[in-house]
1. Show the residues, 5+ positions off or on another chain, whose built amide H is closer than 5 Å to the amide H of residue 177.
2. Taking R0 as 30 Å, what's the FRET efficiency between residue 59 and residue 234 from their Cβ-Cβ distance, rounded to 0.05?
3. What distance in nm separates the simple spin-label points at residue 85 and residue 174, each placed 7 Å from Cα in the Cβ direction?
4. Whole percent per 5 Å bin, from 0 to the bin with the longest distance: what is P(r) over all C-alpha pairs of segment 156-236?
5. Provide the gained length on full extension for the span residue 33 to residue 198, in nm with one decimal, where the gain is 0.36 nm per separating residue minus the Cα-Cα distance.
6. Based on the Cβ-Cβ distance from residue 167 to residue 102, what FRET efficiency comes out when R0 is 25 Å, to the nearest 0.05?
7. Between residue 45 and residue 125, what is 0.36 nm times their sequence separation minus the Cα-Cα distance? Round to one decimal in nm.
8. If each residue's Cβ is checked for other Cβ atoms within 10 Å, how do 125, 227 rank with the fewest at the top?
Amino acid sequence: MSSRRYFYAVNGSLALLAISLSAPVTASEVTGLTTFVPNTPALAEEVNGNFDSVKTAVDDNDQRITDLEAKLLDGAVSLSAFAFSEWRANTNPSSACQMSRLGTYAYFDLFWAKSVGCQMSAPLHLPQGATVSGLSCLVNDNIYGTTEDTFFSNVSLRRLDLSTANLDVIYRISQNSINVGLQTITGAPNTPEPNDLIIDNSQFAYTLMVSSDYASDVDAGDVLKLHGCKVEYSLP
């Protein structure tokens, strides 16, 4: 083979290697490559060895990416108490439910009102196509066992149809406090149709609402505290 052919062979091999190595490599580095010198014959085993090294690194990166994607199938969106705001059914400025925030929690200070139900809500943003798989909230019930009519009565994940304005509850926590103090309350699906749990941001807007009921003998103050809520999901 003439020196000109050797030159083309070497430079052609280098060009192929450059293309192979141009893709981003983050998990594994290509090692053990043979460096070719211009106007020097390129041995087949050396060229093949370089490609084998590239293939090994690429295969390793592919496996790492596959493993990472498998770990990302499940996730959650968490909301602190400061994501919530008071929800009212009317425009009356003297609402009986006066929502306040302190430290790490939100609560209703009833002031003058008694025997009332109060709600706070927060917008929720979940990945398109995700399936809701869990709902829980961290709450603190300071008066558990002292009055049966004061408790967190309902936490609901709602979806608003942006074409019809229909409102559905797709996941709900109906469990009340089970003891005094800090505790996690959990929920379950509220719909008989599994497809209703699949997030469709093109058609629906999603909101989380927390409701609490207060008896007539409850003093004003932070007797029921909401610290935050978590919505879990899985990806297809």
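Readers should treat all values here as calculations from the given coordinates under stated rules, not as data from a laboratory. Nothing here was measured: the structure is a model prediction, and the numbers come from that model. Cβ: placed from backbone, ideal geometry, glycine included. Neighbour counts: every protein chain shown.
1. Close amide H contacts, sequence-distant or interchain: 152.
2. On the way: r = 28 Å, r/R0 = 0.94.
After rounding to 0.05, the efficiency reads 0.60.
3. Reported label-point gap for residue 85 and residue 174 is 3.1 nm.
4. The distribution over segment 156-236 is 3, 11, 20, 21, 15, 12, 9, 6, 3, 0, given as percents.
5. Numbers: separation 165, 0.36 × 165 = 59.40 nm, distance 4.88 nm.
Contour length minus Cα-Cα distance gives 54.5 nm.
6. Numbers: r = 31 Å, r/R0 = 1.22.
Efficiency, rounded to the nearest 0.05: 0.25.
7. Values: separation 80, 0.36 × 80 = 28.80 nm, distance 5.50 nm.
That pair, residue 45 and residue 125, stretches by 23.3 nm at full extension.
8. Values: 125 11, 227 16.
Placing the least packed residue first, the sequence is 125, 227.
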